[in-house]
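Working notes, beginning with the structure itself.
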Amino acid sequence: HKNGLQVAIDGPASAGKSTVAKLVASRFNYIYCDTGAMYRAITYKVLKNGIALDDIEAITKIVDSSQITFEPTAHGQKVFIDGEEITEAIRQEDVTNSVSAVSAIQSVRTKLSADQKQLAANGGIVMDGRDIGSTVLPNAEVKIFLIASVDERADRRYKENVRKGINTSLEVLKQEIRDRDYKDSHREISPLTKADDAIEVDTTSMAIPEVVETISKIILKNIN
Ligand code: CDP
Ligand code: CDP
């Protein structure tokens, strides 16, 4: 690919995908694409419009008529839908609890994965999600499957919430992560799976810089 490699990072909820993908992208001067934010953005708009999660027709209209955009900042990315900034709003509990249902819909996956393919066409991109290595970018030069134990992932989310001043119980977070992993792995269309040629990285006892280093080494091996 003319601008560099395609790097796919998949894995279950809270494995560290977006944190690590962002850092790896900036290290190689690659674009970063958070595909989860795209599914969250559509879910946000569906909820905002009071559309029922089983109203496939109305949800299809939403996904086909919405414009999702990203704007890089010093500390990450701002997310917009139809010009409205939704960076914080898409992380709220209501979106998190409905996103797996919306992302299981065929029309939603078809539209968003086509957009993702287009964005990655020239390479030089780190894309994180659930089906990037398996479906969106099957020819990606680097495919990483990031995992960590449920306890560790819930603990990470818990600490992140504490930092943000949000009060949640560790048990509730653990259950929420289990539920979402189950739904994402068992849906009919492009479920969360490790691609055959993906490299699994278990980050349960790894700090962020160590994970970034591990993935960077894999990328360097593929560049040379
Ligand atoms: O960051 P977190 O692990 O909470 O999830 P995310 O990456 O923001 O993704 C939110 C949800 O979007 C997932 O639970 C999936 O239901 C869906 N998703 C998907 O279906 N396919 C992707 N490539 C990325 C996300
Ligand atoms: O994108 P995904 O849902 O996979 O995870 P994330 O939002 O990047 O990471 C979830 C939380 O775990 C964040 O607060 C990260 O700072 C933290 N994290 C960590 O403590 N150690 C790692 N090796 C990776 C992430």
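Please label the shape of region 31-77 as rounded, prolate or oblate, based on the square roots a ≥ b ≥ c of the eigenvalues of the alpha-carbon gyration tensor (a/c under 1.5 means rounded; beyond that, a/b larger than b/c means prolate, else oblate). The shape class here is prolate. Based on alpha carbons, the Rg and Dmax found for region 1-89 are 14.9, 43 Å.
Taking amide H as placed 1.01 Å from N in the peptide plane, the amide H of residue 33 sits under 5 Å from that of 126, 127, 128, each at least 5 places away or on another chain. Taking the Cα centre of the chain as reference, the dipole from Cβ charges on Lys and Arg (+1) and Asp and Glu (-1) amounts to some 440 debye.
Counted by Cβ distance under 10 Å from residue 72, the other residues give a net charge of +1, where Lys and Arg count +1 and Asp and Glu count -1.
By the scheme Lys and Arg +1, Asp and Glu -1, what is the net charge of all other residues having a beta-carbon under 9 Å from that of residue 129?
Details: positive: 17, 130; negative: 10, 34, 128, 131.
Once positives and negatives cancel, what remains is -2.
Other residues with beta-carbon under 13 Å from the beta-carbon of residue 185 carry, at +1 per Lys or Arg and -1 per Asp or Glu, a net charge of 0. With the convex hull of the Cα atoms taken as the outline of region 91-224, the averaged projected area works out to 9.0 nm².
As a check on your grasp of the helix formula, calculate [θ] at 222 nm for the chain: sum -39500 (n - 2.57) over DSSP H runs of n ≥ 4, divide by the residue count, round to the nearest 500. If you can, show how the numbers build up before the last one.
Details: 8 runs with 108 residues, N = 224.
Helix contribution divided over all residues of the chain: -15500 deg cm²/dmol.
If you scale each eigenvalue of the Cα gyration tensor by 5 and take the root, what three semi-axes come out for the chain, rounded to whole angstrom and sorted largest first? Walk me through the numbers before you get to the answer.
On the way: eigenvalues 128, 93, 57 Å².
Ellipsoid half-lengths, sorted descending, are 25, 22, 17 Å.
Round to the nearest 0.05 the FRET efficiency obtained for residue 119 and residue 189 when R0 = 22 Å and r is the Cβ-Cβ distance. Before the final figure, lay out the partial values.
Details: r = 20 Å, r/R0 = 0.91.
Here the calculated transfer efficiency is 0.65.
Take the Cα radius of gyration of region 162-224 and divide it by 2.2 N^0.38 Å, with N its residue count; two decimals is plenty. Don't skip to the answer; put the middle values down first.
Numbers: Rg = 16.3 Å, N = 63, 2.2 N^0.38 = 10.6 Å.
Output field value: 1.54.
In a simple Cβ point-charge model (Lys, Arg +1; Asp, Glu -1; nothing else charged), region 1-90 has a dipole of about 460 debye relative to its Cα centre. Backbone amide hydrogens, once placed in the peptide plane, bring residue 146 within less than 5 Å of 10, 11, 201, excluding anything fewer than 5 places away on its chain.
Coordinate-derived values only; no laboratory data. What you see is a predicted model, and the numbers here were worked out from it, not measured in a lab. Note: ideal-geometry Cβ built from the backbone for every residue, glycine included; neighbour counts use all protein chains shown.
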